[in-house]
């Protein structure tokens, strides 16, 4: 399901969340979710995530849960091509206001909160541009390129 580098990344994330180092996750806290890129997560949402587990959340259960959540995730190239449609000049970025408007008015519409989360995790530069190449990389690999 995952290659060795992905498993290592999940292991690192699991270790961050295993605050008492007992190889099992306690109810998640907002700071643990933030460490994985999710900000402003409500306690109720975190509790619901934990309740999805069939029992105590050890690393194997954690990996299985993520595998189920990520099933059907598009490959990086597919996501990149979707953004390239809006990058008519091929510069590697899109105006943040433009992409916000498209995401909130087309197909599976984003809410204002989802837009805020995206821009908090991937803030536009000082000129208002969103680096969609880096965004696509993080969506599919989980961390920023160096």
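Using a Förster distance of 30 angstrom, determine the FRET efficiency expected from the C-beta separation of residue 106 and residue 60, and round it to 0.05.
Efficiency, rounded to the nearest 0.05: 0.15.
Here, region 76-141 has an Rg and a Dmax of 11.2, 29 Å when only alpha carbons are counted.
Just so you know, all these numbers are worked out from the coordinates, no wet-lab data involved. Just so it is clear, the structure is predicted and the values come from calculations on it, not from any experiment. Here the Cβ is made from the backbone with ideal geometry for all residues, glycine too, and neighbour counts use every protein chain on show.
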